[in-house]
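K.L.:
I'd like to ask you about the structure that follows.
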Amino acid sequence: MSTIPSLGSIIVTGGSRGIGAAVALRVAAQGHPVAVNYARAAAAAQRVVAAIVAAGGRACAIQADVADEQQVLELFSAAEAQLGPLYGLVNNAGITGRLGKLVDLPVEELARVMAVNVTGSFLCAREAVRRLATDRGGRGGVIVNLSSRAAKIGGANDWVHYAASKGAIDTFTLGLAREVAAAGIRVNAVAPGLIDTEIHASAGDPERLARIGPNIPLGRPGSADEVAAAIVWLLSPAASYVTGAILEVGGGR
Ligand code: NAP
């Protein structure tokens, strides 16, 4: 595994469960202090922190709704106060809303998915750039956004609103990467396919993994840790010439 020489701290939004928890464990194992952000699952976030500390790493759990600007400001201040200067941000927090067709989509659900997935990623990236940009006195760093294969597949009959939110992440990744490259910040995205986390049950379809998994070219859903491995690579100096990329981790889907 590649290592990251600059052992600044890393904020993982939605680090309490699923892909975010796997990322937090991996970057902590490389020596980075990790801020494990969560929205509601305090006990799950504390379990991730406890596992990191038990393995000799540094971490803290910080509650913040990434869709709320004030809470994002407090998340970044608290992370730096407790863990030292920032090196990276993993914009992982995301929700799908309930499975269903556009004709049945409540406007409140559309607004919430866009607020968490799009506005939340923008707000967190803005706070990261304010701290990392070399033209603002920072040391440079890395941002990794969570897209989805849904951005290209479209999510028909399931969640076109969610797919569209991830399409926004793809465009955001490309534009921000070009905007901050000269300021020493790389910005990339990972686009997972069907991954074995609680997100499918949360969307109202706990059988989704078992139903769709066999139809994926690699014949199964991916694991959170397989996505985390790609994210950690993008964070690392091994990806030093990679920016504006969207790395598909979809088992061929
Ligand atoms: P998950 O298991 O449902 O976990 C979601 C995480 O996001 C939790 O830690 C949750 O915190 C946090 N979160 C939700 N809303 C938040 C908010 N407003 N503010 C802060 N944190 C919030 O999800 P996952 O499957 O690991 O997905 C992680 C990312 O990968 C998402 O962006 C998702 O869209 C993307 N993705 C997943 C898949 C997949 O198949 N699993 C595929 C493509 C892309 P709490 O526990 O406190 O609620």
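Nothing in this text is a laboratory measurement; each read-out follows from the coordinates by a stated rule. Given the structure is predicted, the values throughout are model-derived calculations rather than measurements. Heads up, the Cβs are rebuilt from the backbone with ideal geometry, glycines too, and the neighbour counts pull from every protein chain shown.
K.L.:
For helix 69-83, report the angle its Cα long axis makes with the longest principal axis of the Cα atoms of the chain; keep it between 0 and 90° and round to the nearest 10°.
P.N.:
Compared with the principal axis, the helix lies near 50 degrees.
K.L.:
Can you pull the percent of Cα pairs in segment 9-249 with separation above 32 Å? Provide the component values of the computation, followed by the final result.
P.N.:
Working: 4192 of 28920 pairs.
In whole percent, the share of Cα-Cα pairs in segment 9-249 beyond 32 Å is 14.
K.L.:
Find the Cα radius of gyration of segment 21-154, compare it with 2.2 N^0.38 Å by division, and give the number to two decimals.
P.N.:
On the way: Rg = 16.0 Å, N = 134, 2.2 N^0.38 = 14.1 Å.
That ratio works out to 1.13.
K.L.:
Another question about this same structure. Using just the helices of the chain, give the 222 nm mean residue ellipticity in deg cm²/dmol: DSSP H runs with n ≥ 4 each add -39,500 (n - 2.57), and the total is spread over all residues, rounded to 500. Intermediate values should be presented prior to the final figure.
P.N.:
Numbers: 10 runs with 107 residues, N = 253.
Result for the chain: -12500 deg cm²/dmol, rounded to the nearest 500.
K.L.:
List, in order, the whole-Hz ³J(HN,Hα) value for each residue of segment 218-227 obtained from phi through the Karplus relation with A = 6.51, B = -1.76, C = 1.60 and θ = phi - 60°; use x for Gly and Pro.
P.N.:
Karplus values, whole Hz, x for Gly and Pro: 7, x, 6, x, x, 9, 4, 5, 5, 6.
K.L.:
From Cα pairs below 8 angstrom and at least 6 apart in sequence, can you work out the relative contact order of segment 9-249, rounded to a whole percent? Intermediate results must be reported in sequence, preceding the final value.
P.N.:
Details: 496 pairs, mean separation 46.3, N = 241.
Averaging sequence separation for qualifying contacts and normalising by length gives 19 percent for segment 9-249.
K.L.:
In addition: Tell me the angle of helix 120-132 to the major Cα principal axis of the chain, expressed in degrees between 0 and 90 and rounded to the nearest ten.
P.N.:
Here the helix axis deviates by roughly 20 degrees.
K.L.:
Note down the net charge around Asn92, summing +1 for each Lys or Arg and -1 for each Asp or Glu among other residues with Cβ under 13 Å from its Cβ. Let's see the in-between values first.
P.N.:
Numbers: positive: Arg17, Arg26, Lys166; negative: none.
That sum, taken over residues with Cβ under 13 Å, equals +3.
K.L.:
Quickly rank 58-65, 171-178 as a protection proxy: mean count of other C-beta atoms within 10 Å, highest first. Numbers along the way, then the final one.
P.N.:
Numbers: 58-65: 21.2, 171-178: 17.4.
Highest mean packing first, the order is 58-65, 171-178.
K.L.:
If you don't mind, there's one more thing I want to ask. What is the Cα radius of gyration of segment 45-121 over 2.2 N^0.38 Å, N being its residue count? Walk me through the numbers on the way to the answer.
P.N.:
Numbers: Rg = 15.9 Å, N = 77, 2.2 N^0.38 = 11.5 Å.
Expressed relative to 2.2 N^0.38 Å, the Cα Rg reads 1.39.
K.L.:
State to the nearest 20 debye the size of the charge dipole of the chain about its Cα centre, where the only charges are +1 on K and R beta carbons and -1 on D and E beta carbons.
P.N.:
For the chain, the charge dipole is close to 420 debye.
K.L.:
Let me ask something additional. Given Gly137, Val107, Val118, which one lies farthest toward the positive end of the charge dipole of segment 82-155, if we put +1 on the Cβ of every Lys and Arg and -1 on the Cβ of every Asp and Glu?
P.N.:
Gly137
K.L.:
Continuing with this model, one more query. Within segment 228-251, find all residues whose amide N lies under 20 Å from a label point positioned 7 Å from the Cα of Glu198 along Cα-to-beta-carbon.
P.N.:
Within reach of a label on Glu198: 228.
K.L.:
For the Cα atoms of the chain, what angle does the longest principal axis make with the long axis of helix 160-180, in degrees from 0 to 90, nearest 10?
P.N.:
30 degrees
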